[in-house]
Amino acid sequence: MKLLKSTLTIFFLFSLSINFSDAQEVIMTKDFNPVIRQYLKNHPEEKNRTKTLINDTLSLPFFDDFSSGASVYPDTKKWFDKNVFINDGFAIYPPTVGVATFDGIDSVGFPYANTNLDYPADTLTSKYINLNAQTYASDTSIYLSFFYQSAGNGNAPNDGDSLILQFRYYDTTTHTYDWVTVWEVNGESIITPFKQVFVRVNDSIFNSFDTSHIYPDSLTFFTKAFQFRFINLVSGYGDVDIWNLDYVLLNNNRSPKDTTMLDIAFVNEPPSFLKNYSAMPWTHYVQDTVNQMAIQYPLTIRNNDSISHLICYTSTIDNIYTYPGSGSSCVIINAQSDTTVYSQVGNGTPVNFTFPTTQYDWAQFNVKHFLTITAGDTVQSNDTIKSLQRFSDYYAYDDGIAESGYGLHGIGAELAMQFTTTKPDTLRGVYMFFNEIETNVSLRLFALTVWSTITPLDSHQVIQYKMIDQKPQYDSGLTAFHYYELETPQFIPKGTFYVGWIQDDDVLLSIGLDMNSNWDSTRLFYNSQGTWYPSYLAGTVMIRPVFGASATINGIQNPDNSLVNSLEIYPNPATNSIHLKWTSKDHIPSSDLITEIYDPTGRLILSQTGYQDEINISTISEGFYFVKMSDRNSSASFTRKLVISR
């Protein structure tokens, strides 16, 4: 486990130094990556992904901005290995949406088993690229360029935690291949903006970078199997010493002044359409639809070209909403700059949009944003971003992915997240996302606590409920939230309440911290020495209170029986098939099980007898469904919600 420095960069142009010795708040790194582990669970074929043969050779130009969003791994058409993490959460203002993140976690989401200082961790290796000598040996205009960033939303690399670029060369005398370092940057323990680098592919550079070694004239880069690779050196354990890589371009007819491209792109994933939350219970949303909608919806767009361009943007929600409703919404973006555009939503002008209400207890909407440019665009994959606006049974500020962790020092230290409900309802549980860390805290105890009142900068508090002897749990499900069901469900009146914990020991429990969302900057409070203080740290602690009754399908609901908590569905949302993971406390024979899928009206869509771990749903339309598993010899049954989205 490695703690982040006490100097936090709020924006990469400004730094704020805070001494946390009194505050007791600590930002922590993660030692595992649950996103990768969940992806492998949903895509087991990725575990056996092999390298392609040498005859799978690419031609110039080579380009990748990691914006496809199709996988947590690099594009197999361009890269050999899969060690880096493709994501849109760790970067701060990248050239385009999506980056390759280098850290101390391997390709299956576990920390590298290496305790040495500055050991090689992630590697990103290009496919073979045809730079045959006959065509390119005399070409002095071949350059590899890329953007890199130190730390971003993660842990900053220290001195010795380097990012290295190597070229693969051929020895015409020994007829062997090997690698040579042609560029390297050292960590400085700070967050940096993205910087662009140019490295020329030319045989003259062998002795220009490493002057301690004399390379013979028999070495050359100009072969039909040229490659380049990036490697990071790590001195810690887990999700540490972060480098973000973006916008990798190898081509000829270039120079170091060739810093632009006709490419207009989104920079980040879209935010929530809600004003106060990333998600909220559907039954609570319909109580106050107008006031829950964001007035404006900011989207950051970047012009990577050397001249200004007029771009037009459109936002859609399924087939029920389009912005702008008619005509187009266009803006001029200056050369090599970012522009934040605002899609009007909610109770704003000119659009007064709210999500259409339904009779069901949850809903989900597909959101899409896309750009058009009359001058054309050389990269299409970064012109469209998509998201899901979910309404289930919980409130959330976070986006579901933890870039870091949050911990408190102090025996009896208290952490409380503030929520405001739109209706009186029953609080029946809490989702919490705990990071797995090197120091095992899974046996450390805390009391899950609900407060009706907390007075900041004072000791006054009113505890409504405590559930003692709880422990951090590390689930393998989607994004690793664990559900803590309240032993006694609590009535929560309309208005403000708080949920969190009181810890038994002076130990850092490492609750997930979403660094991309800052909804709770005024809603997170801690008390370690008798007084409640608002949190000083950026980011969102990943706690989600759950409201309402259990899942119901026209009277079909979850009884408390042997099947409860024994059925897991993944992936969810799903496309063409789902996998079922089922265990029976009473050893019910799998042949006695019946699996059924219902739509929200209670109409039976699919039924099969006997347990099967995979079900084909390719013929079922997109939408919301319930999967019910029951024992045909008793009344035991269990229901899970399912989303089909393509």
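The values are calculated or read from the model by the stated rules, or taken from the named source; none is laboratory data. Bear in mind the structure is a predicted one, so any value in this text is a computation, not a measurement. Glycine also receives a Cβ, built like all others from the backbone with ideal geometry; neighbour counts cover every protein chain displayed. For accessibility, only protein heavy atoms count, side chains too; no ligands or nucleic acids. Shrake-Rupley method; radii C 1.70, N 1.55, O 1.52, S 1.80 Å.
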Residue 549 vs (1) within 30 Å of residue 453 (Cα to Cα); (2) at pLDDT 85 or above: all pass except (2)
Residues of the stretch 172-197 that turn out to be closer than 20 Å to residue 137 by Cβ and open to solvent by less than 50 Å² (accessible area, probe 1.4 Å), as a count: 2
Can you name the number of the only condition in (1) under 28 Å from the mean Cα position of the chain (by Cα); (2) under 30 Å from residue 110 (Cβ atoms) that residue 445 fails? (1)
Every residue from the stretch 120-138 that is open to solvent by less than 50 Å² (accessible area, probe 1.4 Å), closer than 28 Å to residue 195 by Cα and not hydroxyl-bearing (Ser, Thr, Tyr): 121, 122, 124, 127, 129, 130, 131
Residue count, the stretch 7-62, condition modelled with pLDDT of 75 or more and hydrophobic (A, V, I, L, M, F, W, C), comes to 10
Considering each of 425, 383 in turn, give the residue that is of a type in the set (Asp, Glu) and within 30 Å of residue 462 (Cβ to Cβ). 425
Which of the residues that make up the stretch 229-249 are open to solvent by less than 10 Å² (accessible area, probe 1.4 Å) and not acidic (Asp, Glu)? 230, 232, 234, 238, 240, 242, 243, 244, 245, 248
For the stretch 466-494: of the residues being in contact (Cβ under 8 Å) with a residue 12 or more places away in the chain and among the acidic types (Asp, Glu), which is surrounded by the most Cβ atoms within 10 Å (Cβ to Cβ)? 485
Residue in the stretch 456-465 that is open to solvent by less than 50 Å² (accessible area, probe 1.4 Å), touching a strand residue (DSSP E or B) at 6+ places or on another chain (Cβ under 8 Å) and in a strand (DSSP E or B) present: yes
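Counting only residues that are of a type in the set (S, T, N, Q), within 23 Å of the chain's Cα centre (by Cα) and crowded, with 19+ Cβ neighbours inside 10 Å, which one in the stretch 389-442 is farthest from residue 491 (Cα to Cα)? Can you show your working first?
Step one: filter the stretch 389-442 for residues of a type in the set (S, T, N, Q), giving 389, 392, 404, 418, 420-422, 426, 435, 439-440, 442.
Pick out the ones that are also within 23 Å of the chain's Cα centre (by Cα) and you get 389, 392, 404, 435.
Right, trim to crowded, with 19+ Cβ neighbours inside 10 Å and you get 392, 404, 435.
Values: 392: 19, 404: 33, 435: 30 Å.
Checked the stretch 389-442; the qualifying residue farthest from residue 491 (Cα to Cα) is 404.
Results for (1) hydroxyl-bearing (Ser, Thr, Tyr); (2) part of a strand (DSSP E or B); (3) under 26 Å from the mean Cα position of the chain (by Cα); (4) closer than 25 Å to residue 300 by Cα, shown as yes or no for each residue.
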{"residue": "89", "(1), (2), (3), (4)": "no, no, yes, yes"}
{"residue": "108", "(1), (2), (3), (4)": "no, no, yes, no"}
{"residue": "117", "(1), (2), (3), (4)": "no, no, no, no"}
{"residue": "134", "(1), (2), (3), (4)": "no, no, no, no"}
{"residue": "139", "(1), (2), (3), (4)": "no, no, no, no"}
{"residue": "156", "(1), (2), (3), (4)": "no, no, yes, yes"}
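Condition first: under 30 Å from residue 623 (Cβ atoms) and either in a strand (DSSP E or B) or in contact (Cβ under 8 Å) with a residue 12 or more places away in the chain (or both). Now tell me which residues in the stretch 298-323 satisfy that.
Correct list: 298, 299, 313, 314, 315, 316, 317, 318, 320, 321, 322, 323.
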Matching residues in the stretch 123-175 - criterion: being touching a strand residue (DSSP E or B) at 6+ places or on another chain (Cβ under 7 Å), of a type in the set (D, E, K, R) and farther than 30 Å from residue 190 by Cα: 127, 168, 171
Output the number of residues of the stretch 139-169 satisfying the condition of being acidic (Asp, Glu) and open to solvent by 20 Å² or more (accessible area, probe 1.4 Å). 2
Strands (runs of 3 or more DSSP E) enclosed by the stretch 206-297 - at least 3 residues per element that are out of contact with any helix residue (DSSP H, G or I) (no Cβ under 8 Å at 6 or more places or on another chain) and at positive phi: 238-251
In the stretch 292-303, residue farthest from residue 369 (Cα to Cα) [restricted to those that are open to solvent by 10 Å² or more (accessible area, probe 1.4 Å) and out of contact with any Leu (no Cβ under 7 Å at 6 or more places or on another chain)]: 295
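Would you check if there is a residue in the stretch 505-512 being at positive phi, small (Gly, Ala, Ser) and at pLDDT 90 or above?
First, pick out the residues of the stretch 505-512 that are at positive phi: 510.
With the extra rule that they be small (Gly, Ala, Ser), the set shrinks to 510.
Pick out the ones that are also at pLDDT 90 or above and you get 510.
Yes - at least one qualifying residue is present in the stretch 505-512.
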What are the residues in the stretch 496-544 that are hydrophobic (A, V, I, L, M, F, W, C) and part of a loop (DSSP other than H, G, I, E, B), if any? 507, 508, 509, 515, 532, 537, 538, 542
Here is a list of conditions, (1) open to solvent by 30 Å² or more (accessible area, probe 1.4 Å); (2) under 20 Å from residue 79 (Cα atoms); (3) not basic (Lys, Arg), and residue 213 meets all of them except one; can you say which number that is? (2)
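Mind listing whichever residues of the stretch 274-285 are under 15 Å from residue 353 (Cα atoms) and buried (at least 19 other Cβ atoms within 10 Å of the Cβ)?
Answer for the stretch 274-285, where residues must be under 15 Å from residue 353 (Cα atoms) and buried (at least 19 other Cβ atoms within 10 Å of the Cβ): 274, 285.
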Scanning the stretch 92-119 for residues that are open to solvent by 10 Å² or more (accessible area, probe 1.4 Å) and closer than 16 Å to residue 29 by Cα gives 106, 110, 111, 112
Could you tell me which residue of the stretch 466-485 is nearest to the chain's Cα centre (by Cα), considering only residues that are in a strand (DSSP E or B) and at pLDDT below 95? 482
Name the single residue that is most open to solvent (accessible area, probe 1.4 Å) among those in the stretch 371-388 being part of a strand (DSSP E or B) and farther than 17 Å from residue 88 by Cα. 372
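Could you grab me the full set of residues in the stretch 390-404 that are assigned to a strand (DSSP E or B) and either at pLDDT below 90 or in contact with a Lys or Arg (Cβ under 6 Å, 6 or more places away or on another chain) (or both)?
Residues of the stretch 390-404 that are assigned to a strand (DSSP E or B), as a first pass: 390-391, 394, 396, 404.
Once the filter is applied, which keeps residues that are assigned to a strand (DSSP E or B) and either at pLDDT below 90 or in contact with a Lys or Arg (Cβ under 6 Å, 6 or more places away or on another chain) (or both), the stretch 390-404 yields 390, 394, 396.
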